[in-house]
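Visitor: This is the structure I have questions about; it appears just below.
The values are calculated or read from the model by the stated rules, or taken from the named source; none is laboratory data. As the structure is a computational prediction, the values presented were derived from the model and not from experiment. Here Cβ is always computed from backbone atoms with ideal geometry, including for glycine, and neighbour counts include all displayed protein chains. To get the accessible areas, we keep the full protein, side chains included, count just its heavy atoms, and leave off ligands, DNA and RNA. Shrake-Rupley method; radii C 1.70, N 1.55, O 1.52, S 1.80 Å.
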Amino acid sequence: MNIDYSEIQSPGLLVFPAKVKENIAYVLNLVDGDPNRLRPHIKTHKTKEVNDLCLKAGITKFKCATIAEAELLALSFAPSILLSMQPTGPNIIRLANLVQANPKSQFACLVDDLHAAEAISAIFLSQQLSIDVFIDINVGMNRTGIISTQAASLIHQIKNLPALKISGLHAYDGHIRDLSVAERKAHVQRDFSEFDDLVQSISSEFPDLELCVGGTPSFLVHHQNTAYVCSPGTFVFFDAGYTALYPENSLKPALFIISRIISKPSKTTICLDLGHKSVAAENTIENRVRFIDQPEFKLLSQSEEHGIVEVPDSDIFEIGQEFLMIPYHVCPTVALHANLQVIENDKFVGNWEVKARNRKINI
């Protein structure tokens, strides 16, 4: 890359729309070009611009984690929006207000508990509204959801609640990330056997349920099952953490961190404007960034705005020199930045606002 950095802020994120489009085309190709088999999760990018690129590619169904992300999708008139969270407390009212304010979009949310479903039903009924619900199934992630063998009873209880319509099952398997695709496939088969039994057992009563499954790692398995609607998210930008899980020359990194040298404290270290306010810091220090052209660089430590990097010889570098990195975990990294700096033909052309990084847009 021969980028003109003169107008580019650091620390910051650079997004390459051409690569985003290639990644969207890649996942569409794996589902034989059928956008109805995709429900991408927008929690990775949180931007209207990427939503619009997906819509332009023919994708009409989306998944999101927050009310703000759902509202962002509604701003693009996304036809189908699944809140992949069981709303509680004031978020139920916010969701109802969102549904009422955006009649061009069809909304749904997850449920895995009868009392939670009753609370949702009561609030929507009081506003003379209704909402589709997806039963959240725990297939081994052990984060949310009801296990498959207990789900049939819950499904029949929720079926009788006013204002709710069961329209799908949801199964997220973020724990399945075996390095070998063959091992990943075997892992999916094990963990989804009871899920498939549940689907079969209720198929006569609920013949048209959407089966929304998986994330980016398991997409390479789930796309082969035409009964499933796949829900990858990280794929639009990709990151270093998932690089080993995908074939070479498949998905491409479409978002990079830019940072500059602000000091050279020793012969073998440089200091970058790359603190843990600029890149996700939930992983250990060696799994936060990958330097693009300097594989020998080693991130040693970070404070709020500074990153100390071990280098072979600091004398060969200059204060202000730029470096590009791929984040190890792109999703929380994006959420740390208000804007993405857009690069086209190696030039800075504007910004994409990370509008849904906030918990609230309007509603």
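Visitor: Given Leu83, Thr44, His276, which one lies farthest toward the positive end of the charge dipole of the chain, if we put +1 on the Cβ of every Lys and Arg and -1 on the Cβ of every Asp and Glu?
Guide: The Cα lying farthest towards the positive end belongs to Leu83.
Visitor: Rounded, prolate or oblate: which fits the range 17-81, taking a ≥ b ≥ c as square roots of the Cα gyration tensor eigenvalues, rounded meaning a/c under 1.5, else prolate when a/b beats b/c?
Guide: On the way: a/c = 1.93, a/b = 1.48, b/c = 1.30.
Prolate is the answer for the range 17-81, as a/c is 1.5 or above and a/b outweighs b/c.
Visitor: Next question. Amide H neighbours of Thr269 under 5 Å, counting only residues 5+ apart in sequence or on other chains, H built in-plane at 1.01 Å?
Guide: Distant-sequence amide H within range of Thr269: Val311, Ser314.
Visitor: Could you work out the mean projected area of the convex hull around the alpha carbons of the range 100-202, in square nanometres to one decimal?
Guide: Convex hull of Cα atoms, orientation-averaged projection: 7.7 nm².
Visitor: With all protein chains present, how much of the accessible area of the range 251-291 (probe radius 1.4 Å) comes from carbon and sulfur, to the nearest whole percent? Each step should come with its number before you reach the end.
Guide: On the way: 830 of 1540 Å².
The nonpolar share, carbon plus sulfur, comes to 54 percent.
Visitor: Another one. Under a 1.4 Å probe, what is the accessible area of the range 22-71 per residue, stated in Å²?
Guide: 31
Visitor: Hey, another quick one. Too long at a 23 Å Cα-Cα cut-off: which of Lys104/Lys159; Lys21/Lys355; Lys61/Lys165? Walk me through the numbers on the way to the answer.
Guide: Details: Lys104/Lys159 25 Å; Lys21/Lys355 20 Å; Lys61/Lys165 17 Å.
From the list (Lys104/Lys159; Lys21/Lys355; Lys61/Lys165), the Cα-Cα distance tops 23 Å for Lys104/Lys159.
Visitor: Calculate the length of the line joining the C-alpha centroid of the range 170-187 to that of the range 88-161, in whole Å.
Guide: Using only Cα atoms to place each centre, the spacing works out to 27 Å.
Visitor: Rounded to the nearest percent, how much of the accessible area of the range 305-347 (1.4 Å probe, protein heavy atoms only) is carbon and sulfur? Present the calculation step by step, with values, prior to reporting the outcome.
Guide: Values: 940 of 1950 Å².
Answer for the range 305-347 is 48 percent, counting heavy atoms of protein chains only.
Visitor: Would you calculate, for the chain, the mean residue ellipticity at 222 nm contributed by helices, counting each DSSP H stretch of 4 or more residues as -39,500 (n - 2.57) and dividing by all residues, to the nearest 500?
Guide: Calculated at 222 nm, the ellipticity per residue is -8500 deg cm²/dmol.
Visitor: What is the helix-to-structure angle for 181-191, meaning the angle in degrees between its Cα long axis and the longest Cα principal axis of the chain, kept from 0 to 90 and rounded to the nearest 10?
Guide: The answer is roughly 30 degrees.
Visitor: In the range 94-192, what percent of the accessible surface is made up of carbon and sulfur (1.4 Å probe, ligands and nucleic acids excluded)?
Guide: Carbon and sulfur together cover 50 percent of it.
Visitor: Roughly how big is the chain's charge dipole about its Cα centre, with Cβ charges of +1 (Lys, Arg) and -1 (Asp, Glu), in debye to the nearest 20?
Guide: 720
Visitor: For the range 268-313, report the accessible area per residue in Å² (1.4 Å probe, heavy atoms, rounded to an integer).
Guide: Numbers: 2240 Å² over 46 residues.
Per-residue accessible area for the range 268-313 comes out at 49 Å².
Visitor: For the range 273-363, what is the charge dipole size about the Cα centre, in debye to the nearest 20, if Lys and Arg each add +1 at the Cβ and Asp and Glu each add -1 at the Cβ?
Guide: Roughly 820 debye for the range 273-363.
Visitor: May I pose another question? Relative to the longest principal Cα axis of the chain, at what angle does helix 17-30 sit, 0 to 90 degrees, rounded to 10?
Guide: Compared with the principal axis, the helix lies near 40 degrees.
Visitor: Report the GluC sites (Glu not before Pro) located in the range 274-316 that are in a DSSP loop and have at most 11 other Cβ atoms inside 10 Å of their Cβ, or state none.
Guide: Values: sites: Glu282, Glu286, Glu296, Glu304, Glu305, Glu310; in loops: Glu282, Glu296, Glu304, Glu305.
Qualifying residues, ordered by number: Glu282, Glu296, Glu304.
Visitor: Once you charge only the Cβ atoms, +1 for Lys and Arg and -1 for Asp and Glu, what is the size of the charge dipole of the range 134-259 about its Cα centre, to the nearest 20 debye?
Guide: Charge dipole, the range 134-259, about its Cα centre: 220 debye, nearest 20.
Visitor: Let me ask something else about it. Helix 193-202 versus the longest principal axis of the chain: what is the Cα-based angle in degrees, 0 to 90, to the nearest 10?
Guide: 30
Visitor: Might you tell me the accessible area per residue for the range 117-239, computed with a 1.4 Å probe and given in Å²? Please report the intermediate quantities before stating the final value.
Guide: Numbers: 5230 Å² over 123 residues.
About 43 Å² of surface per residue is accessible.
Visitor: Now, a different point. Starting from the residue with the highest accessible area, list Arg260, Arg37 in decreasing order, probe 1.4 Å. Mind dumping the intermediate values first?
Guide: Working: Arg260 40, Arg37 20 Å².
Greatest to least solvent exposure: Arg260, Arg37.
Visitor: Please work out the Cα center distance from the range 245-275 to the range 24-54, rounded to the nearest Å.
Guide: Using only Cα atoms, the two centres lie 27 Å from each other.
Visitor: Sticking with this structure for a sec: Quick check: from the Cα gyration tensor, does the range 207-274 come out rounded (a/c under 1.5), prolate or oblate? Please report the intermediate quantities before stating the final value.
Guide: Numbers: a/c = 4.70, a/b = 3.35, b/c = 1.40.
Prolate, since a/c reaches 1.5 and a/b exceeds b/c.
Visitor: Using the Cα gyration tensor of the range 46-164, with a ≥ b ≥ c the square roots of its eigenvalues, what is the shape: rounded (a/c below 1.5), prolate (a/b larger than b/c) or oblate (neither)?
Guide: Working: a/c = 2.15, a/b = 1.39, b/c = 1.55.
Taking the square roots of the gyration eigenvalues as a ≥ b ≥ c, the range 46-164 is oblate.
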